[in-house]
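Input: a single structure, listed below in structure tokens.
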Amino acid sequence: MNVCMVGYGMMGVWHSDALKRTDAVLHTVVGRRHEAAKEFAERFGYRKFTTSLDEALADPAIDIVIVGSPSEQHEEQALKCLAAGKHTLIEIPLAMSLEGAERVVAAGQKSGVVYGLCHPMRFRREREALRERLRQGDEKIRHIAGRFFIKRLVNIGATGYKRSWTDNILWHHFCHFVDLGMFLFDGAPVRRVQSHLGPCHETTGIPMECVVLVETESDQSLLVHGSYHATYRFYDKLIVTNRETYFYDILAGTLRTEGGATPIESEQENCARVIFDFIDAVRRKRAPLASGPSVLPAMRVLQQVQDDWDARHGARSIPGRPLS
């Protein structure tokens, strides 16, 4: 299977490393800048590179497209890939609105190809046994909490590359946590969503703090809070069930339970599982673990938070505004 990678940022690197561990062919890279796309293609062994997604999609040799571009481009590019009949893996978030996400899901369901999302928190190997106990009814989640704190006063990503786009704490980073909660709650109806999304920062032009609280009709709760203005990083998740407490410290690489701490896979190794699952899904013509319809509950929560912010501030923030 020939793969086209759209984007050469951190996720392009991680996905390319994972693809090398499969029998997929690294075929084409699509990037915004000619020289950067050329360098990326040479570094990872892609056969071709281009600055035109339309050109890549017109190539009948390409079977799979991975959309790893800036967040605000995901919806438009995913729609193009699906219309071209390509199996499509889309980086989180699916879109920057619920309406946009529903458009992509409708197109994906109609297309007949395999499509899915890169939601790596669903794939943690260290949660597989818990997920099975939840499915069997042997354990029940009471509460999930997530923290994500970084310093992002300038527009530089995790790899040190100066971005052409601006991140969004709600639709990008909180999408990870909210989706994990809705995924583990397994369809429990939402009773109430409460939130705080901060005002636009005078330097960055975007909200820098966010808090989201979700309550379900099954009396479960999800609390996510974070900031782009922290002087050092926090990134962890806590799951409290009727049997145990699971604390995933992603930066330390540990899972702590009542029995003590054990090591967990790195973020990159965990993310590779998304690629392995998607390649297998294409081969077996099945839905991937993070299918389009399955992420819509999280998108509905994010949209409610955004709508509340819009009602207070009178207009939606512009995610693509450049930082200094």
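Search segment 6-19 for residues that are in contact (Cβ under 8 Å) with a residue 60 or more places away in the chain and under 17 Å from Ser52 (Cα atoms) and pair each with any residue that is outside any strand (DSSP E or B) and open to solvent by 40 Å² or more (accessible area, probe 1.4 Å) when their beta-carbon atoms are under 8 Å apart and the residues are at least 6 apart or on different chains.
Final answer for the pair search is Gly9/Thr159; Gly9/Tyr161; Gly9/Arg163.
Looking only at segment 180-203, filter to residues that are in contact with a Pro (Cβ under 9 Å, 6 or more places away or on another chain) and more than 15 Å from Arg300 (Cβ to Cβ); which one of those is surrounded by the fewest Cβ atoms within 10 Å (Cβ to Cβ)?
Only one residue fits best here, namely Pro199.
From Leu255, Leu289, which residue is closer than 18 Å to Arg122 by Cα and assigned to a strand (DSSP E or B)?
Selected residue: Leu255, the only one of Leu255, Leu289 that is closer than 18 Å to Arg122 by Cα and assigned to a strand (DSSP E or B).
Could you grab me the full set of residues in segment 265-286 that are without any contact (Cβ under 8 Å) to a residue 60 or more places away in the chain and assigned to a loop (DSSP other than H, G, I, E, B)?
Residue satisfying the conditions is Ser266 alone.
Out of everything in segment 116-145 that is basic (Lys, Arg) and outside any helix (DSSP H, G or I), what residue ends up being nearest to Ile250 (Cα to Cα)?
Looking at residues that are basic (Lys, Arg) and outside any helix (DSSP H, G or I), I get Arg124.
Is it the case that segment 49-62 has a residue that's part of a strand (DSSP E or B) and touching a strand residue (DSSP E or B) at 6+ places or on another chain (Cβ under 7 Å)?
Within segment 49-62, one or more residues are part of a strand (DSSP E or B) and touching a strand residue (DSSP E or B) at 6+ places or on another chain (Cβ under 7 Å).
Looking only at residues in segment 114-133 that are aliphatic (A, V, I, L, M) and buried (at least 18 other Cβ atoms within 10 Å of the Cβ), which one is farthest from the chain's Cα centre (by Cα)?
Once the filter is applied, the top-ranked residue is Leu130.
Kindly indicate whether any position in segment 76-89 is part of a loop (DSSP other than H, G, I, E, B) and either aromatic (Phe, Trp, Tyr) or open to solvent by 20 Å² or more (accessible area, probe 1.4 Å) (or both).
Yes, segment 76-89 has at least one match.
Can you confirm whether segment 27-35 contains a residue that is part of a helix (DSSP H, G or I) and either more than 15 Å from the chain's Cα centre (by Cα) or under 30 Å from Gln303 (Cα atoms) (or both)?
Yes: one or more hits.
Those residues that are assigned to a strand (DSSP E or B), out of contact with any Phe, Trp or Tyr (no Cβ under 9 Å at 6 or more places or on another chain) and either more than 23 Å from Leu153 (Cα to Cα) or touching a residue at least 40 places away in the same chain (Cβ under 8 Å) (or both), I need them from segment 187-222; list them, please.
Those that are assigned to a strand (DSSP E or B), out of contact with any Phe, Trp or Tyr (no Cβ under 9 Å at 6 or more places or on another chain) and either more than 23 Å from Leu153 (Cα to Cα) or touching a residue at least 40 places away in the same chain (Cβ under 8 Å) (or both): Val190, Arg191, Arg192, Val193, Gln194, Cys200, Leu213, Glu215, Ser221.
Taking segment 235-283, which residues are more than 30 Å from Val114 (Cα to Cα), buried (at least 17 other Cβ atoms within 10 Å of the Cβ) and in contact with a His (Cβ under 8 Å, 6 or more places away or on another chain)?
Answer for segment 235-283, where residues must be more than 30 Å from Val114 (Cα to Cα), buried (at least 17 other Cβ atoms within 10 Å of the Cβ) and in contact with a His (Cβ under 8 Å, 6 or more places away or on another chain): just Ile239.
Would segment 306-316 turn up any residue that is among the acidic types (Asp, Glu), within 19 Å of Ile150 (Cβ to Cβ) and not in a loop (DSSP other than H, G, I, E, B)?
No: zero hits.
The values are calculated or read from the model by the stated rules, or taken from the named source; none is laboratory data. A quick note: this is a predicted structure, and the numbers were derived from the prediction, not measured. We place every Cβ from the backbone using ideal geometry, glycine too, and count neighbours over all the protein chains shown. The accessibility values were calculated without ligands, DNA or RNA, using every heavy atom of the protein model including side chains. Shrake-Rupley method; radii C 1.70, N 1.55, O 1.52, S 1.80 Å.
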